[in-house]
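Data first, discussion second: the structure below is written as structure tokens.
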Amino acid sequence: MRKILFWGVMLSMFAQSPVNGKNFDLQKYTHPAPYSVEKIQTPKGKKVKNVILMIGDGMSLAHVQCAWTCNRGHLWLENAQYTGLSQTPIANQLIAESGSGGTALAIGHQTVYHAAGVDAKGNPQPSLIELAHAKGLSTGVAVTCRLWDATPCDFLAHYIDRDESELLIGQFPDSPVDYVFGGGQRYFKPENRPDKRDVFAELEGKGYKVMKNYEEFLGYEGGKAYCVPFEGDTPVPAERGDMLAKASLKELSLLSRDKDGFFMMIEGSQLDDYGHFNNIQMLMEETLDFDRTVGEVFKWAAQDGETLVVVTADHETGGLTLLDGDLASGTVEVKFTTDDHSGVIVPIYAFGPQAQNFTGFMTNTELCHKIQSLLKLK
């Protein structure tokens, strides 16, 4: 009897003990404003002229299932013709973060933890942006984070440490990208840089139109451009509205002028932040905003007919688990198991010509190589 009592007490203590000093309590969230989703007619052609890579930073199948529940059983992602799964280990450990995980998607090489745009030995390797430019394609990036954050730097810069923000932003004038939208004015300004460089002025010297006003960008009809309306990240989803969708569509309208085609990377960046914060409400708002952006991009691609859209993630954040909920009310009950990243396999959704190439299991680097092959970049 004493043994039974002892182990009962021990199990109770273990169940209530914090992980890494933190308790991960059950959270409940009901999404108040579901949106309608339509069936999109998929293109019938086979030619891939353009590729749009959309990254939900930290997004796993659990995130998608929670968002699907919150939106009463419908997501724009469901229009994807084909689905696959991506494994996310990196060169020196099992668990990726946005530098190493995003680098695998950007350059097609596994790298070490916290690197951006370099291989495992620290050597810069050309990203999809640079390879596309070298083949005469136009290129673009649109994100909801500050531009010195890991994922945009994976595509636009090269360094062994993603935390060297000033250094990475300092490389942006050397990137051949045509259009960029995101937050992060701070390290473009000389007063915030140890080297006192005016990176905005350098970009203008390279022929870019620099805009610090979002509405100005939406009306822009010129050549190469950077739109950086915010000092840090873009506002939270409830404040910025459909900014990511509109900025992405604006870039697509500009990029599609190129008769040779284009490559674009779009990121729902703040999923990762809210996974780290273990905040299910904000996480769902950001995930649903990303899904609405996916819907607008799918519709654009369907009209174009020669654009492949690939939606995936760089890693999982938060160890999110859906434990209960109610589809009719859009309610989820979840637990996070970490405030860091996990090694959970992440989904791939593909829409448009040659989408069938993205089914089954693949590594994050293989996904990059498939895009390179379809655009004939190597």
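Each reported figure results from applying straightforward, stated rules to the coordinates on display, with no laboratory input. All values derive from a computational prediction rather than experimental measurement. A quick note on method: Cβ atoms are made from the backbone with ideal geometry, for glycine too, and the neighbour counts reach across all protein chains shown.
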| Computed over segment 30-90, the ratio Rg/Rh where both radii use C-alpha atoms and Rh is Kirkwood | 1.01
| Calculated SAXS-style log₁₀ I(q)/I(0) at q = 0.11, 0.15, 0.16 Å⁻¹ - segment 104-261, Debye, Cα scatterers | -0.41, -0.79, -0.90
| By average C-beta atoms within 10 angstrom, highest first, the peptides 139-151, 362-374 | 139-151, 362-374
| Max mean-square fluctuation residue, GNM over the chain, Cα-Cα springs under 10 Å, options Gly275, Gly117, Gly45 | Gly45
| query | Which value, in debye to the nearest 20, gives the size of the charge dipole of segment 214-254 about its Cα centre, when Lys and Arg are +1 and Asp and Glu are -1 at the Cβ? | reply | 160 debye
| remark: With +1 on the Cβ of every Lys and Arg and -1 on the Cβ of every Asp and Glu, the dipole magnitude of the chain about its Cα centre, in debye rounded to the nearest 20, is 900 debye
| For segment 158-199, what is the Kirkwood hydrodynamic radius in Å, using each pair of distinct C-alpha atoms? | 11.0 Å
| said: Given R₀ = 41 Å, what would the calculated FRET efficiency be for Thr321 paired with Lys121, taking r from the Cβ atoms and rounding to 0.05? | reply: 0.65
| query | Where does segment 274-362 land on Rg(C-alpha)/(2.2 N^0.38 Å)? | reply | 1.28
| task | Could you check the simple spin-label distance between Lys376 and Phe277, using points 7 Å along Cα→Cβ, in nm with one decimal? | result | 4.6 nm
| remark: Bridge orientation stat for the chain from DSSP, antiparallel percent rounded to 5, came to 40 percent
| remark: Contact order relative to length for segment 215-287, counting C-alpha pairs under 8 Å separated by 6 or more residues, stands in percent at 30 percent
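Averaging over every viewing direction, what projected area does the convex hull of the Cα atoms of segment 113-175 cover, in nm²? Intermediate results must be reported in sequence, preceding the final value.
Working: hull surface 17.0 nm².
Projected area, direction-averaged: 4.2 nm².
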| note | P(r) over all Cα-Cα pairs of segment 15-123, 5 Å bins from 0 to the longest distance, whole percent per bin, short to long, reads 2, 9, 13, 13, 14, 16, 15, 11, 4, 2, 1, 0
| field | Potential extension, Glu202-Leu26 segment - 0.36 nm per residue separation minus Cα distance | value | 58.4 nm
| query | Rounded, prolate or oblate: which fits segment 210-362, taking a ≥ b ≥ c as square roots of the Cα gyration tensor eigenvalues, rounded meaning a/c under 1.5, else prolate when a/b beats b/c? | reply | oblate
| query | the chain: Rg/Rh from Cα coordinates, Kirkwood Rh? | reply | 0.99
| request: Give a quick list of GluC sites (Glu not before Pro) in segment 25-112 that DSSP marks as loop, anything other than H, G, I, E or B, with at most 15 other Cβ atoms within 10 Å. | output: Glu38
| field | Residue-span extension gain [Asp304 to Lys44] - 0.36 nm each, minus C-alpha spacing | value | 92.5 nm
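For a footprinting-style exposure proxy, rank Arg197, Arg162 by other Cβ within 10 Å, fewest first.
With the sparsest Cβ surroundings first, the list reads Arg197, Arg162.
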| Rg to Rh ratio, segment 314-369, alpha-carbon atoms and Kirkwood radius? | 1.10
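Using the count of nearby Cβ atoms within 10 Å as a rough guide to exposure, how do Ser342, Ser36, Ser127, Ser253 rank from fewest to most?
Working: Ser342 21, Ser36 8, Ser127 30, Ser253 13.
Ascending Cβ contact count within 10 Å gives the list Ser36, Ser253, Ser342, Ser127.
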| query | Taking only DSSP H segments of four or more residues, each worth -39500 (n - 2.57), what value at 222 nm results for the chain once the sum is divided by all its residues, to the nearest 500 deg cm²/dmol? | reply | -9500 deg cm²/dmol
| query | Excluding Val37 itself, what net charge comes from residues whose Cβ is under 10 Å from its Cβ, given Lys and Arg +1 and Asp and Glu -1? | reply | 0
| Rounded if a/c is under 1.5, else prolate if a/b beats b/c, else oblate: with a ≥ b ≥ c from the C-alpha gyration tensor eigenvalues square-rooted, which is segment 187-239? | oblate
| request: Multiply the residue gap between Asp260 and Thr359 by 0.36 nm, knock off their C-alpha separation, and tell me the result in nm, one decimal place. | output: 32.9 nm
| query | Where the Cα atoms of segment 62-147 are projected onto their three principal axes, how long is each span, largest first, in whole Å? | reply | 47, 36, 28
| Assigned charges on the beta-carbon of Lys, Arg, Asp, Glu; segment 224-368 dipole about Cα centre (debye) | 600 debye
| note | Descending packing, highest mean Cβ count within 10 Å first, for 332-341, 318-327, 282-291 is 282-291, 332-341, 318-327
| Which of Ala238, Ala116, Ala201 moves the most in a Gaussian network model of the chain with Cα springs under 10 Å? | Ala238
| task | With springs connecting C-alpha atoms under 10 Å apart, model the chain as a Gaussian network and identify which of Met243, Met265, Met54 has the largest mean-square fluctuation. | result | Met243
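Using the beta-carbon distance between Lys335 and Glu239 and R0 = 35 Å, what value does 1/(1 + (r/R0)^6) give for FRET efficiency, to the nearest 0.05?
According to the calculation, E is roughly 0.80.
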